[in-house]
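Input: a single structure, listed below in structure tokens.
The values are calculated or read from the model by the stated rules, or taken from the named source; none is laboratory data. Because the structure is a prediction, the values reported are computed rather than measured. No Cβ is skipped: glycine too gets one built from the backbone with ideal geometry, and neighbour counts run over all protein chains shown.
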Ligand code: GAR
């Protein structure tokens, strides 16, 4: 029997479809992946992400923001659920709520977000539409550590895709999404393996060791 060190326990926060959650679940299904998904937490009941988690045998919780009087109270409930489940690292995967500074500081250096643009361009919503309108020729996605500022924080991984003259929002979103699914598990692996050193607002990522087989030309 091969000895494998304990896996880092990841909590994934979702609000919708959950295709990035699926990419993380699929990666974690590999016995060699250094993290396991220990909890999927949604602020919206009935979303497809919850079904994906259940299908993978991962515990789920629904904590509805509308049941709380304040953002702080909602965030405190999420924080408690994550800690109760023994979560060590949090991944935001299409989680569409702003987080309070208190929650973010409690998970500093241990919370990742995926954003559908090449940050620092196109923070916020409707990134694909805005990229087309701006006429950029390259667009993409970013995985970054979460800091209190929206869509800010040290960048761990990015992937770029071309913007074609024929693109509409949906075709561009689909091209970017395929890259999101590729780089999110890679970035999570880098963080879990302790290969990320934060220097100011910059994440310095160690190159993979010999024979470790991580290939990601964008990083
Ligand atoms: C993804 O494209 C993700 O990058 C984006 O929402 C989508 C969720 O899809 N996140 C944000 O815009 C966060 N600001 P998914 O539920 O299928 O992973």
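Regarding region 56-72, can at least one residue be identified that is outside any helix (DSSP H, G or I), within 19 Å of residue 193 (Cβ to Cβ), at pLDDT 95 or above and away from the ligand (no atom under 15 Å from the Cβ)?
Narrowing region 56-72 to residues outside any helix (DSSP H, G or I): 56-64, 68-70.
Okay, now just the ones that are also within 19 Å of residue 193 (Cβ to Cβ), so none.
No, the conditions are met nowhere in region 56-72.
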Exercise for the section: Could you give me the residue pairs with C-beta distances under 9 Å whose first residue belongs to region 19-30 and is farther than 18 Å from residue 95 by Cβ, whose second residue is at pLDDT 95 or above and within 11 Å of the ligand (Cβ to nearest atom) wherever it lies, and which are 6+ apart or on separate chains? Expected result: 26/181; 27/184
Exercise for the section: Would you mind listing the strands (runs of 3 or more DSSP E) fully within region 87-204 where at least 3 residues are surrounded by fewer than 22 Cβ atoms within 10 Å (Cβ to Cβ) and at negative phi? Expected result: 155-162, 196-199
Handout entry: Residues being touching a strand residue (DSSP E or B) at 6+ places or on another chain (Cβ under 7 Å) and either part of a loop (DSSP other than H, G, I, E, B) or away from the ligand (no atom under 15 Å from the Cβ) (or both) - total across region 1-10
Key = 3
Problem - Residues that are within 17 Å of the chain's Cα centre (by Cα) and within 14 Å of the ligand (Cβ to nearest atom), drawn from region 26-46 - result: 26, 27, 37, 40, 41, 42, 43
Handout entry: Sole residue being at pLDDT 95 or above and either under 21 Å from residue 178 (Cβ atoms) or part of a strand (DSSP E or B) (or both), chosen from 24, 50
Key = 24
